[in-house]
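J.: Let me give you the structure first, and then I'll get to my questions.
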Amino acid sequence: MPDISLWMNSPYDWALLFICALLIGMSKTGIQGITLLAIPLMAINFGAKPSTGLILPMLCFSDIIAVIYYRRTAEWKYIFKLLPSAIAGFFLAIAVDSLIPAGEFRRLMAVCIFAGLAVMFWTEKKGTTGSMSSAWWYAPLFGLMGGFTTMIGNAAGAVMSVYLLSVRLPKYSFVGTSAWFFLVVNYLKIPLQVFVWDNISWTTLYLDALTIPFMVAGAVAGVYFVRKVAERTYRIFIILVTVLSTLMLFV
């Protein structure tokens, strides 16, 4: 059995890990962005970069659950628009990682997300949503932000929520598109996390395996939530969760 003493020293550590797993499962199958409620706490408790290596395999496992359930609802044209710049965002994050303090980065990311929300609300009010979201630079900008934020802190859920809300996808297309996008993105991140940042080990994988029941429970809860909530209510809820989770970045 791997030595987990460097990670788990109290009941609080275990509770935090399992709550994070539950939130990740819920996020992947419907309650997009809610993982940002747990990620800052994980970073504070386990360290910013080590915690990303602990969380990434959990995200990858939950991505599989989400894709299995929502495999037919993705809008691939949006995924293809986002992926090239998202990959570029990986390498931008690696390049500037040592230059930006974690606290300043979280605040910068939060400002960017709020700016995206403000643009979304303004364009909807003016009736120009379609023309803005179809601009050549719109999807690449969000892809770059998504790749950058997911590489730095596994925190791209809010960025993608803003983008998918702005193109007004129905709830099942919203979840399916997000599920496939993050499945591709998170699995592409694994070699970089293992060989560049060296923060995924047999110990972290062992801890991740212990969280599987909680991720499955969260995934079931997310599916149930999407099924029961009306389209308009779902959109409002995602906006509120995005705002709340982005505020957590200022913690």
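Where a number appears in this text, it was derived from the coordinates with a stated rule and is not lab data. All of these numbers come straight from a predicted model, not from anything done at the bench. Using ideal geometry, Cβ is built from the backbone for each residue, glycine included, and neighbour counts are taken over all protein chains shown.
J.: What is the Å³ per residue value for the convex hull set by the Cα atoms of region 1-114? Don't skip to the answer; put the middle values down first.
T.: Working: hull volume 16.6 nm³, N = 114.
Spelled out: Cα convex hull of region 1-114, divided by residues, is 146 Å³.
J.: Still on this model: Testing the spin-label approximation: label points 7 Å from Cα along Cα→Cβ at V119 and D97. State their distance in nm.
T.: According to this spin-label approximation, the distance is 2.7 nm.
J.: Let me ask another. Can you grab the distance from the C-alpha centre of region 165-216 to the C-alpha centre of region 70-102, Å, no decimals?
T.: 12
J.: Starting from the Cα-Cα distance between F250 and A135, subtract it from 0.36 nm times their residue separation and give me the gain in nm to one decimal.
T.: Details: separation 115, 0.36 × 115 = 41.40 nm, distance 3.05 nm.
Result: 38.3 nm gained on full extension.
J.: A follow-up question, please. How far is helix 157-166 tilted, in degrees, relative to the longest principal axis of the Cα atoms in the chain, given as a value from 0 to 90 rounded to the nearest 10?
T.: Once rounded, the angle reads 10 degrees.
J.: Mind giving me the nanometre distance, one decimal, between the label points for R107 and A88, set 7 Å out from Cα along Cα→Cβ?
T.: Distance between label points: 2.8 nm.
J.: Computed on alpha carbon atoms, what radius of gyration and Dmax characterise region 11-250, expressed in Å?
T.: Gyration radius and largest Cα-Cα distance of region 11-250: 16.6, 52 Å.
J.: Another one. With each run of n ≥ 4 DSSP H residues scored as -39500 (n - 2.57), what mean residue ellipticity at 222 nm is computed for the chain after dividing by its residue count and rounding to the nearest 500 deg cm²/dmol?
T.: Mean residue ellipticity, 222 nm, calculated: -25000 deg cm²/dmol.
J.: Additional query: Which is the longest stretch in the chain that no exposed loop site breaks, taking sites as chymotrypsin sites (Phe, Trp or Tyr not before Pro) with a DSSP loop state and at most 11 other Cβ atoms within 10 Å? Numbers along the way, then the final one.
T.: Details: sites that count: W136, W137.
My reading of the result: 1-135 is the longest stretch.
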